[in-house]
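Here the structure is laid out as structure tokens; the discussion comes afterwards.
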Amino acid sequence: MMNIDASKKRVGEAVVKYIKDGMKIGLGSGSTMFYTVQKLGERVKEEGLNIVGIPTSRETAEWAKKFGVPLTDFSNIQQLDIAIDGADEVDPNLQLIKGRGGALLREKIVADAAKEFYVIVDASKTVDHLGAFPLPVEVVPFGWEVTATKVARLGCDPILRRKDGEIFVTDNGNYILDCNFNKILEPKKLQIDLKSLVGVVETGLFMNMTTKLLVGKDGEVIEKSKKDNR
Ligand code: A5P
């Protein structure tokens, strides 16, 4: 049985086979993506692969610079060929919870701008129902207390995220509420309800976005496509 880190490495590297010369790529965040960015850098160096990426976090941008993956931004291009990212939970319909790293807003903007969205996880992330992982909800700092009260009425007990004793601030200058819904039976409805609240910027629910899921499990990579669910 491989450990979780070995599975992340395996799946993070495996997805790179889908990258072709000339592609514009959305680069997600998190420890699984580290291996993807590293492998992409190897292909750039060894094969002269001509690619460009848009990073979803400052951390990913640093990895790209370190491993030699060229970067651009949305002032230069409007559409990406593919976005690749990790996730915190994946259900059997390939719906996701993301945002443990706090990069959910940029991750969603980047995934939405891509023709295809590939999700890479280790097997510990696959679940029958979303929600055991507390749903991250990005909110505007001003009046966050009022927003949190409204979010709570939807059936959770929101916790303001902190890091090293300080309030966690996203790359966009916002706060995160971690919301323990426990079992989300109607994720699409919850997404609509949350987004309708003033002060909510975005949620970590990624509905109907995944093109392909790659799961690292026991030294293997198992693939599942959107169409397999129909
Ligand atoms: C970042 O905000 C998250 O959405 C990550 O994609 C997610 O937490 C996956 O991270 P790991 O690859 O580190 O498990």
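The values are calculated or read from the model by the stated rules, or taken from the named source; none is laboratory data. Quantities reported herein were computed from a predicted structural model and do not represent experimental measurements. As a convention, Cβ positions derive from the backbone with ideal geometry for all residues, glycine included, and neighbour counts pool all protein chains shown.
Results for (1) crowded, with 16+ Cβ neighbours inside 10 Å; (2) among the hydrophobic types (A, V, I, L, M, F, W, C), shown as yes or no for each residue.
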| residue | (1), (2) |
| --- | --- |
| Lys65 | no, no |
| Leu71 | no, yes |
| Phe74 | no, yes |
| Ala83 | yes, yes |
| Glu89 | yes, no |
| Gly99 | yes, no |
| Gly102 | yes, no |
| Val110 | yes, yes |
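Which residue out of Lys24, Lys8, Lys39 is closer than 28 Å to Asn180 by Cβ, basic (Lys, Arg) and touching an Asp or Glu at 6+ places or on another chain (Cβ under 7 Å)?
Details: Lys24 fails: closer than 28 Å to Asn180 by Cβ; Lys39 fails: closer than 28 Å to Asn180 by Cβ.
Being closer than 28 Å to Asn180 by Cβ, basic (Lys, Arg) and touching an Asp or Glu at 6+ places or on another chain (Cβ under 7 Å) holds for just one of Lys24, Lys8, Lys39, which is Lys8.
So Ile192 ticks every box in (1) in a strand (DSSP E or B); (2) away from the ligand (no atom under 13 Å from the Cβ) but one. Which box is left unticked?
(1)
Kindly indicate whether Ala14 is at pLDDT below 95, out of contact with any helix residue (DSSP H, G or I) (no Cβ under 7 Å at 6 or more places or on another chain) and surrounded by fewer than 20 Cβ atoms within 10 Å (Cβ to Cβ).
Details: at pLDDT below 95: no; out of contact with any helix residue (DSSP H, G or I) (no Cβ under 7 Å at 6 or more places or on another chain): yes; surrounded by fewer than 20 Cβ atoms within 10 Å (Cβ to Cβ): yes.
In short, no.
Can you name every residue in segment 23-39 that is in a loop (DSSP other than H, G, I, E, B) and more than 6 Å from the ligand (Cβ to nearest atom)?
Correct list: Met23 only.
Residues in segment 154-186 that are basic (Lys, Arg) and under 22 Å from Met207 (Cα atoms): how many?
1
So, in segment 7-22, how many residues would count as being more than 13 Å from the ligand (Cβ to nearest atom), aliphatic (A, V, I, L, M) and under 9 Å from Ile84 (Cβ atoms)?
The number of residues fulfilling the criteria is 2.
What number of residues within segment 158-191 are under 23 Å from Met209 (Cβ atoms), surrounded by 13 or more Cβ atoms within 10 Å (Cβ to Cβ) and free of Cβ contacts under 8 Å to residues at least 24 places away in the same chain?
Counting residues in segment 158-191 that are under 23 Å from Met209 (Cβ atoms), surrounded by 13 or more Cβ atoms within 10 Å (Cβ to Cβ) and free of Cβ contacts under 8 Å to residues at least 24 places away in the same chain gives 1.
Residues checked against (1) within 13 Å of the ligand (Cβ to nearest atom); (2) outside any helix (DSSP H, G or I); (3) under 23 Å from Leu213 (Cα atoms):
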site: Gln78; (1), (2), (3): no, yes, no
site: Ala83; (1), (2), (3): yes, yes, yes
site: Asn93; (1), (2), (3): no, yes, yes
site: Ile109; (1), (2), (3): yes, no, yes
site: Lys115; (1), (2), (3): no, yes, yes
site: Pro136; (1), (2), (3): yes, yes, yes
site: Ala148; (1), (2), (3): no, no, no
site: Cys156; (1), (2), (3): no, yes, no
